[in-house]
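The values are calculated or read from the model by the stated rules, or taken from the named source; none is laboratory data. Quick caveat: nothing in here was measured; it's all calculated off a predicted structure. Positions of Cβ are generated from backbone atoms using ideal geometry, with glycine treated the same way; all protein chains shown enter the neighbour counts.
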Amino acid sequence: MTIAQIIFIAISAITVIASILVVASRNLVHAALWLVLSLAGVAVLFVLLQASFLAVVQVVIYIGAIAILIIFAVMLTRRVMRETKPQVNRYWWIGALAALLLFVTLVVILNQVPSAASSVSELPLPEEDLLSMLGTALVDVDGFVLPFEVASVLLLAALIGSLVIARPIKLDAEEGDEA
Amino acid sequence: MDIPHLVEWTIESIVIVVGLIAGFAYLTLFERKILARIQVRIGPNRAGPWGLLQPVADGIKLIFKEELIPNRADKLLFVLAPVITVVPALIVLAVVPLGPDMMIFGHNVTLGIAGDVNVGVLYIMAVSSIAVYGIAIAGWSSSNKYALMGGLRATAQMISYELALGLAFVGPILLANSMNLMDIVNAQRGLLGWYIWLQPLGFIIFLLAGIAEVNRDPFDMPEAEQELTAGYHAEYSGMKFALMFMAEYDKMIAVSMIAATLFLGGFWGPFVEQIPLLGPVYLLIKTIFLLFVMIWMRATLVRFRYDRLMAFGWKVLLPLALVNVVVTAVIVLVGG
Amino acid sequence: MIPLSWYLIVAAAIFCIGIYGVLARKNAVGILMGIELMLNAVILNLVAFWRYLTPSLIGGQAFAVIVFAVAASEAAVGLALIISIYRRHSTVVADEINMLKW
């Protein structure tokens, strides 16, 4: 057991437990806050994988934007779901079974894939600055410029789409935009 | 990760945190004094000479107030919310360089904890995006409709203005060609090198969005006394209220200090190269000037209406910030 | 030294928990949270594979960045839909939203 392994086990335990509480909490605001903890755990795992830029992006986008939007939506729609009513539908046990089955299958398959075996160790990182490598790759014509542009078009479409969808029926400018 | 560095970081962290706490206390006095002067009053002048002990008296009063927790509140979150609000305000300044390198007892000491980290600007973005949580949780856990409204307004306002704030960062990043705050500061030597001359629009957008981020007048909708009684901290009392209050003022200090770093040349000023210790002093002077501007705006301007606030953020500030980014990028690309 | 399989198992666990959330939750916002968990597990997998198999190619990280953008747009549109439905019908229970047109 090295220190890195102990840190990994602690962080992933927190992450997995928080994820379980996300789907198990009766109170949706609590569920959303557990989601924040789970996302933060994944951000720490990114740091362990030496992808510090992605860790910061995880905090900015997932924790700072997506999770807060979810909390916002829960607060706006708070009246309909009382916590005393069951929070899961009547087929929840099938869902649980399916998830468990999938997990077992994935673990079994993982043990047979050679590149996932425990003997595979981290390769040395390249010499150059990873951040500038990523930056140039995203705008390089031989790199990922097309997916990058498609992603920006997707974001624009999502922005306009959510504006149109969430537009109030009567034009009372009461709400802010949720994008 | 040797011992002298650890000692250096510990001392600097303690200095920053203690400085922010003391700064909060005296910023309240500063604000009351200036508001009083602008409104042709005298301001607090009973506790100590020129009212200098007023923050201490306020602190003692708040310690002895009764701590109330509403009956139907979510108790754990209610207690946790002030802490979550304060922490981002205290840690955001970690990446701001406070002064140039200097020699102390034969060690090369950098003033500022992590001014040289290469994702400094992203760190500020990340921390400021976490800052929403304390307010949202405080509003929700109080189980009070005014608090909830305040929390909702604060959340919507902060995520809206964060976009303009983030885009205002891009100008200095492009000009300095770095996300490292130390590089950005070092690129602004001399009064004419300040980025406020190259980025006047960026500076104004940053200041406005920053004021909206910390929920100050004229963007203090989340705590508008007249319509929401006090917004998200309506149910807070005693030291928990003091923590909420402290977070707000520390965020003001942080926004001013970051604006001074990005646009006003940070710690550079006359004779800093000869006497490095002057660096923090210049940074402090610039910060206090920006704080004065914020208080001045509070004394002068009336509160926005809520829908106009959102419309201003999305329809005026965000397009302006985008135009600013595009123009800056083209000029940097063409002019080298 | 952390083996690659550990990361993959954690990601698989988060993914399966997310699937359970999507299948079992009644509240549409809860379903969305499950989807976010699943997307996060996918990103974790991408980054882990990048680190262990091809660290010299930046493709894994670039892919992860694209997934971030997709997750953000998905959350924005999904929440806009939920709020729109809530405004018209005062419900966010996925089972009660069962008419194609109204």
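Looking at C:A71, C:A11, just one residue is part of a helix (DSSP H, G or I) and within 7 Å of another protein chain (Cβ to nearest Cβ), and that residue is C:A71.
Filter region C:74-86 for residues that are more than 7 Å from chain A (Cβ to nearest Cβ) and over 14 Å from A:F72 (Cβ atoms) and give the result.
C:E74, C:I85
Among A:Q87, A:Q5, which is touching a strand residue (DSSP E or B) at 6+ places or on another chain (Cβ under 9 Å) and more than 25 Å from B:S160 (Cα to Cα)? Outline the logic, then answer.
On the way: A:Q5 fails: touching a strand residue (DSSP E or B) at 6+ places or on another chain (Cβ under 9 Å).
Answer to the selection: A:Q87.
Residues in region B:150-181 that are within 10 Å of chain A (Cβ to nearest Cβ) and not small (G, A, S): B:L152, B:R153, B:T155, B:Q157, B:M158, B:I159, B:E162, B:L163, B:M179.
Name the one entry in B:S142, B:S237 that is away from every other protein chain (no Cβ under 14 Å) and within 18 Å of B:T85 (Cβ to Cβ).
On the way: B:S142 fails: away from every other protein chain (no Cβ under 14 Å).
Exactly one residue qualifies, and that residue is B:S237.
Region B:252-336 holds no helices (runs of 4 or more DSSP H) entirely within its bounds that carry 3 or more residues that are within 15 Å of the chain's Cα centre (by Cα), modelled with pLDDT under 80 and buried (at least 16 other Cβ atoms within 10 Å of the Cβ). Considering A:A32, A:A18, A:A10, the condition of being more than 30 Å from B:L148 (Cβ to Cβ), at pLDDT 85 or above and assigned to a helix (DSSP H, G or I) is satisfied by A:A10 alone. Looking across region A:1-17, just one residue is more than 7 Å from every other protein chain (Cβ to nearest Cβ), over 16 Å from the mean Cα position of the chain (by Cα) and touching a residue at least 24 places away in the same chain (Cβ under 8 Å), and that is A:I7.
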